[in-house]
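The values are calculated or read from the model by the stated rules, or taken from the named source; none is laboratory data. What you see is a predicted model; the values in this text were computed from it and never measured. Virtual Cβ from ideal backbone geometry, glycine too; neighbours counted across all protein chains shown.
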Amino acid sequence: MKKKVFASIMAAALAVSMLAGCGSSSQTTEDTGSAASETAATDTADTSEAADTTADASDSSDDGLITVGFAQVGHESDWRTASTNSVQSALSEENGIDLQFVDCDNDSAAQLEAVRNFISQDVDYIVIDPIVSTGWDTVLTEAEDAGIPVIVIDRTIDDSDKYVSWVGSEFTNEGLAAGAWLKAYAEAKGIDELNILEITGTTGSSAEIGRTTGFHKYVEDNGWNLIDSQTGDFTQEGGQSVMESYCKSYDGQFNVVICQNDNEAFGAIDAMKAAGVSYGVGGDVILISFDACKAGLTDVLAGQINADFQCNPLQGPDCLNIIKTLEAGGEVEKQTFMAEPWYVAEDTLPNISYTNNAGEDVTEDLIVVDQAVVDGAY
Ligand code: GYE
């Protein structure tokens, strides 16, 4: 199909983003099985913009399919597998899309090259899950000059606004929620000294930056002892090797391990088991994780992980909705946050209260994991 009037789309997206301010805020919900985001697209198109884009979108090629290039981060985690499956099943031929998928294997240079290849192939849309949050403005300008709308999912791009829409998580709130939970849980259990080891995600990814920023606010405000922080690159192997070295260097000195995703936590569990460190419910070490994928929640149910802060990977339907809305000449939100619940192993606290990244005081339920929660997880 031929190029749409990209300027119209950008103008429409900008207008909506200005009207919507920072977009909608995340919500706590028990619905884990579906893409629980708030509305990704609106039907409130300005009629003149709608006329522009609709007329242009009618220049379809013979097969009638919309071509979309998706530059995915890689295949580093269970979360990533769920994300890939979600996009591939939504952006299907059945739904009118010819999807070109590139696994960038966590290599930022390869991801930029994948996007440039999509531009030279003149695809209709480009979807990017950015490995790191900076270094994007030049290539996004190239996409803009070529008239190709870019949709960003999951991680954010922080040094360019040349994309039509982003759908993902409020990573800083995930980190703040983890801090608020740890503070309340330690108080409830009478633990007055917190000695923390942190295993972070891929350095420079917005998921790592947000979770670190949110959690460190609690570390600083409460004078907790953050003994060490090293990256496990969001992988099980990374989590295991960092934890093996932590167990050697800080033997007997820590009582909290926070991993920035479930796969790192699986690696940390293996390393702690091997080192004879007890963790989880009734153990010496409180283990915190993020993502809440099925295997992570299975470990929460078994009491091996104490708390798991969900990050919802099911952005495929939102992507499809954005593309269909733009094709129809409608307007889309510049930012859409996924709604995400927080999961715990024990019925110690009903909820947590904290000031979120938007400055709002919120109280959010904690969900004690049971088999039904695990069965409904991605
Ligand atoms: O937490 C991790 C994955 O970008 C939110 O990337 C995502 C993160 C997720 O590898 O498991």
Within the range 277-317, the residues that are part of a loop (DSSP other than H, G, I, E, B) and more than 16 Å from the ligand (Cβ to nearest atom) are Val277, Ser278, Gly280, Val281, Gly282, Gly283, Asp284, Ala302, Gly303, Gln304, Asn306
Looking across the range 255-270 at residues that are away from the ligand (no atom under 14 Å from the Cβ) and outside any helix (DSSP H, G or I), the single one that is nearest to Trp79 (Cα to Cα) is Val257
Counted residues in the range 62-98 being within 14 Å of the ligand (Cβ to nearest atom), assigned to a loop (DSSP other than H, G, I, E, B) and without any contact (Cβ under 8 Å) to a residue 40 or more places away in the chain come to 1
Those residues of the range 286-305 which are more than 19 Å from His216 (Cα to Cα) and over 18 Å from the mean Cα position of the chain (by Cα) amount to Thr298, Asp299, Val300, Leu301, Ala302, Gly303, Gln304, Ile305
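Name the one entry in Asp105, Asp159, Asp122 that is among the charged types (D, E, K, R), within 16 Å of the ligand (Cβ to nearest atom), surrounded by fewer than 21 Cβ atoms within 10 Å (Cβ to Cβ) and not in a helix (DSSP H, G or I). Let's see the steps before the verdict.
Values: Asp159 fails: within 16 Å of the ligand (Cβ to nearest atom); Asp122 fails: within 16 Å of the ligand (Cβ to nearest atom).
It is Asp105.
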Notebook entry, point to check: Does Ile131 qualify as being modelled with pLDDT of 95 or more, surrounded by 21 or more Cβ atoms within 10 Å (Cβ to Cβ), in a loop (DSSP other than H, G, I, E, B) and touching a Phe, Trp or Tyr at 6+ places or on another chain (Cβ under 8 Å)?
Noted result: no
Of the conditions (1) part of a loop (DSSP other than H, G, I, E, B); (2) under 20 Å from Leu112 (Cα atoms); (3) under 21 Å from the mean Cα position of the chain (by Cα); (4) touching a residue at least 60 places away in the same chain (Cβ under 8 Å), the single one that Gly147 does not satisfy is (3)
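Just the residues that are polar (S, T, N, Q) and more than 22 Å from the chain's Cα centre (by Cα), please, taken from the range 188-237. Give the steps one after another, and end with the answer.
As a first pass, look at the range 188-237 and keep what is polar (S, T, N, Q): 195, 200, 202-203, 205-206, 212-213, 222, 225, 229-231, 235-236.
Selection gives Asn195, Asn222, Asn225.
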Picking from Lys324, Lys273, the residue that is more than 25 Å from Glu76 (Cα to Cα), surrounded by fewer than 24 Cβ atoms within 10 Å (Cβ to Cβ), more than 16 Å from the ligand (Cβ to nearest atom) and among the basic types (Lys, Arg) would be Lys324
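Consider the range 237-249. How many of its residues are within 16 Å of the ligand (Cβ to nearest atom) and either more than 30 Å from Val152 (Cα to Cα) or in contact with a strand residue (DSSP E or B) (Cβ under 9 Å, 6 or more places away or on another chain) (or both)? Explain how you work it out, then say what you get.
The initial filter retains those residues of the range 237-249 that are within 16 Å of the ligand (Cβ to nearest atom), namely 237-240, 242.
Subset that is either more than 30 Å from Val152 (Cα to Cα) or in contact with a strand residue (DSSP E or B) (Cβ under 9 Å, 6 or more places away or on another chain) (or both): 238-240, 242.
The number of residues fulfilling the criteria is 4.
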query: For the range 327-347, does any single residue satisfy the condition of being out of contact with any strand residue (DSSP E or B) (no Cβ under 8 Å at 6 or more places or on another chain) and closer than 29 Å to Ser278 by Cβ?
result: no
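Could you tell me which residue of the range 204-236 is surrounded by the most Cβ atoms within 10 Å (Cβ to Cβ), considering only residues that are within 16 Å of the ligand (Cβ to nearest atom) and assigned to a loop (DSSP other than H, G, I, E, B)? Quick ask: steps written out before the conclusion?
First, the residues of the range 204-236 that are within 16 Å of the ligand (Cβ to nearest atom): 204-215, 231-236.
In the following step, the residues that additionally are assigned to a loop (DSSP other than H, G, I, E, B) were identified as 204-205, 232-235.
Working: Gly204: 17, Ser205: 27, Gly232: 26, Asp233: 25, Phe234: 29, Thr235: 23.
So the residue we want is Phe234.
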The lone condition Ala178 fails out of (1) in a helix (DSSP H, G or I); (2) within 13 Å of the ligand (Cβ to nearest atom); (3) surrounded by fewer than 21 Cβ atoms within 10 Å (Cβ to Cβ) is (3)
Pairing a residue in the range 354-378 that is farther than 23 Å from Ala82 by Cβ and among the small types (Gly, Ala, Ser) with any residue that is in a loop (DSSP other than H, G, I, E, B) and modelled with pLDDT under 95, where Cβ atoms lie under 7 Å and the two sit 6 or more apart in sequence or on different chains, gives Ala358/Cys22; Ala358/Ser25
